[in-house]
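Read-outs: derived from the displayed coordinates by stated rules, not from any lab. Since the model is a prediction, treat every value here as computed from it, not as a measurement. With ideal geometry, Cβ positions are generated from the backbone for all residues, glycine too; neighbour counts draw on all protein chains shown.
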Amino acid sequence: MLSVLRSELKYWISYRDSLLLQAELEELLLPDSYSQDGFYRVKSLYFDTVNQKDYADKLDGVEDRKKIRMRIYDEDTETVKLECKQKSGALQHKSGILLDREDAVRCMDGDYGVLLDYPEELAWRLYCDMTLGGYRPSVIIEYDRCAYMYGEYNTRITIDRHVRSSELSLDLFDRELPWVRTIEDAAVLEVKFNEKLIEPIRRILAKYHLTNVSVSKYASGRPVMARYFM
């Protein structure tokens, strides 16, 4: 099972400033394994309860909340990450397991019994949560990401651009979804670390006068559902 607990800060940053910041980060940090050639696509299918509890918790600013999602980077992949991302204040805990493609498709169809074939405790917990909560696919979010790593304090910085969503078609493996652009003139900056953020990175970020905000690509990617909650 994959499990990470660390601080996570999120910021809106203008498209122009994101390009300047990217150039500075490239002088200080190493790209992660996916970013060797620049940006890469991240594509996630989010699940929610029948009454959209996780979405409502995000809108209401509930302190302790979670999101359940499947994530891929290529539609031809034979393995899919099934993740549970829990938030408590500024701390994030992300845990996940790898599913076979066929099992991921069955989960997308609401057959969560396949999770019981996996030995990880998380698989059992997700089976219980998704079955009892009546979870179903709710939205697909895709964006272009570049990511940088620094070994000390497990530091990771990501810049996400061209965020788009699909609420009307929910096949994670479909290459031609009816995308709606949800964040166009800005990028989402995420800064993740354990214990503390090193001073050189602090100095670079301070130059852009950023304000920590509760940015959610998931919430922004649900304009259809927002009509029923506003």
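Mind listing the phi-derived Karplus ³J(HN,Hα) values for region 41-48, rounded to whole Hz, using 6.51, -1.76 and 1.60 with θ = phi - 60°, and x for any glycine or proline?
7, 10, 10, 10, 9, 9, 9, 8
Highest mean first, how do 170-178, 91-99 rank when packing is the count of other Cβ atoms within 10 Å averaged over residues? Could you put the intermediate results ahead of the total?
Values: 170-178: 14.3, 91-99: 17.2.
Most protected by this proxy first, the peptides run 91-99, 170-178.
Looking at this model, which pairs from K94/K207; K81/K196; K10/K196 are more than 20 angstrom apart at the alpha-carbon? Mind showing how you got there, number by number?
Numbers: K94/K207 30 Å; K81/K196 28 Å; K10/K196 15 Å.
Among K94/K207; K81/K196; K10/K196, the Cα-Cα distance tops 20 Å for K94/K207; K81/K196.
Take the alpha carbon gyration tensor of region 39-152, find the square roots of its eigenvalues, order them as a ≥ b ≥ c, and report rounded if a/c is under 1.5; if not, report prolate when a/b exceeds b/c, else oblate. Write down the numbers at each step before the final one.
Details: a/c = 1.45, a/b = 1.05, b/c = 1.38.
Rounded is the answer for region 39-152, as its axis ratio a/c remains below 1.5.
Cut-off under 15 Å on the C-alpha distance; same-chain residues fewer than 8 positions from K87 excluded. Which aspartates and glutamates are left, in chain and number order?
Counting by Cα, and skipping residues close in sequence, K87 has these aspartates and glutamates nearby: E8, D54, D57, D60, E63, D64, E190.
Taking the alpha-carbon centroid of each part, what is the distance from region 178-230 to region 134-176 in angstrom?
12
Is the shape of region 87-226 rounded, prolate or oblate, going by the alpha carbon gyration tensor and its root eigenvalues a ≥ b ≥ c, with a/c under 1.5 for rounded and a/b larger than b/c for prolate? Walk me through the numbers on the way to the answer.
Values: a/c = 2.30, a/b = 1.43, b/c = 1.61.
It comes out oblate by the Cα gyration axes.
Quick check for me: using +1 on Lys/Arg Cβ and -1 on Asp/Glu Cβ, what's the dipole size of the chain about its Cα centre, in debye to the nearest 20? Before the final figure, lay out the partial values.
On the way: 34 positive and 40 negative charges, 179 e Å.
Value, rounded to 20: 860 debye.
For the chain, what is the mean residue ellipticity at 222 nm derived from helices alone (per DSSP H run of n ≥ 4: -39500 (n - 2.57); sum divided by total residues; nearest 500 deg cm²/dmol)? Kindly include the intermediate steps, with their values, before the conclusion.
Numbers: 7 runs with 61 residues, N = 230.
Counting only the DSSP helices, I get -7500 deg cm²/dmol.
Tell me, what is the FRET efficiency for D32 and D100 to the nearest 0.05, using R0 = 25 angstrom and their Cβ-Cβ distance as r? Walk me through the numbers on the way to the answer.
On the way: r = 25 Å, r/R0 = 0.99.
My answer for the efficiency is 0.50.
Arranged by the count of other C-beta atoms within 10 angstrom, fewest first, what order do C128, C84 take? Working shown, then result.
Values: C128 12, C84 20.
The order, fewest Cβ neighbours first, is C128, C84.
Would you please give the residues with an amide H less than 5 Å from that of I13, counting only those at least 5 places away or on a separate chain, with H modeled from the backbone geometry?
Placed amide hydrogens put A187, L189 under 5 Å from I13.
Among Y15, N212, L116, pick out the residue whose Cα is farthest towards the positive end of the charge dipole of the chain, where Lys and Arg carry +1 and Asp and Glu carry -1 on C-beta, about the Cα centre.
N212
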